[in-house]
1. If neighbour count is taken as other Cβ atoms inside 10 Å, put I172, I15 in order from fewest to most.
2. Counting Lys +1, Arg +1, Asp -1, Glu -1, what net charge surrounds N114 among other residues with beta carbon under 15 Å of its beta carbon?
3. Express the Stokes-Einstein translational diffusion coefficient of the chain in µm² s⁻¹, to the nearest whole number, given a Kirkwood radius over alpha-carbon pairs, 10 °C and a viscosity of 1.306 mPa s.
4. May I ask for the angle, rounded to the nearest 10°, between helix 2-16 and the longest principal axis of the chain, with both axes built from Cα atoms and the value confined to 0 to 90°?
5. Grab the eigenvalues of the alpha-carbon gyration tensor for segment 92-193, scale each by 5, take roots, and send me the semi-axes largest first in whole angstrom.
6. Give me the distance between the Cα centres of segment 148-162 and segment 77-122, rounded to whole Å.
7. Say R0 is 41 Å: what FRET efficiency, to the nearest 0.05, do W34 and M146 get from their beta-carbon distance?
8. Highest GNM mean-square fluctuation, the chain, Cα pairs closer than 10 Å: which of Q104, Q149, Q165?
Amino acid sequence: MLSEITRSLHGAWRIARMDPDALKHFDLTIDGFWRSFAAVLVVAPFYVVFLIFNHGNQPGLELPTGPAVSIEFFVAVKLVAYIASWLAFPLVMVPISRMLDLSQTYVPYIIVWNWSNVLVMAVILPTVLMFPPADEAGPSAKMVLMAAQVTMLFYGYLVARAGLQCKTLTAIGVVVLDLLLSLLLSLLAGRLL
């Protein structure tokens, strides 16, 4: 499994470098599809660190009565929402890929998408640690965070193009769908906080 993780992460990096042969680094079988969900286990500890550093740094985390939510509750709710979004997106993509006549590339895309999320966390976590998204963060910190987010959206586009082997507008639409689903689940989690 370790060699598959290493190869897959190398493939995710190759996609970021726009290597047309990047898919050769992934196990694109149905077994590789199921094993690719192990990527959530690779990312989860880093996401917990991300959440701990963001606790109290975002507006809207106060309960109506005034006291801040505990860090444990915050991390638990956000982690469940994150894992739910990780599982929900592949489910939502089943009918979407059928509708767009991309069923034959669904499995490779989800494999690549799963492993690419590790690379996304590898970029976002250090950025957030160096430039926390607090209200009092300066404009340069906010610009760096925005640049990182835009970069990750572009990377999501590259992942969609490589995995789905689809047209530009389709890839953009898939990235927007992924973003909206993540935002929706994050918003629902935020309602619990």
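Laboratory data are not the source of any read-out in this text; all were calculated from the coordinates shown. Since the structure is predicted, the reported quantities are computational estimates derived from the model, not experimental observations. All Cβ positions, glycine included, derive from the backbone under ideal geometry; neighbour counts span all protein chains shown.
1. Ascending Cβ contact count within 10 Å gives the list I172, I15.
2. With Lys, Arg at +1 and Asp, Glu at -1, the net is -2.
3. 90
4. 90
5. 29, 16, 12
6. Between the Cα centre of segment 148-162 and that of segment 77-122, the gap is 13 Å.
7. Here the calculated transfer efficiency is 0.70.
8. Q104
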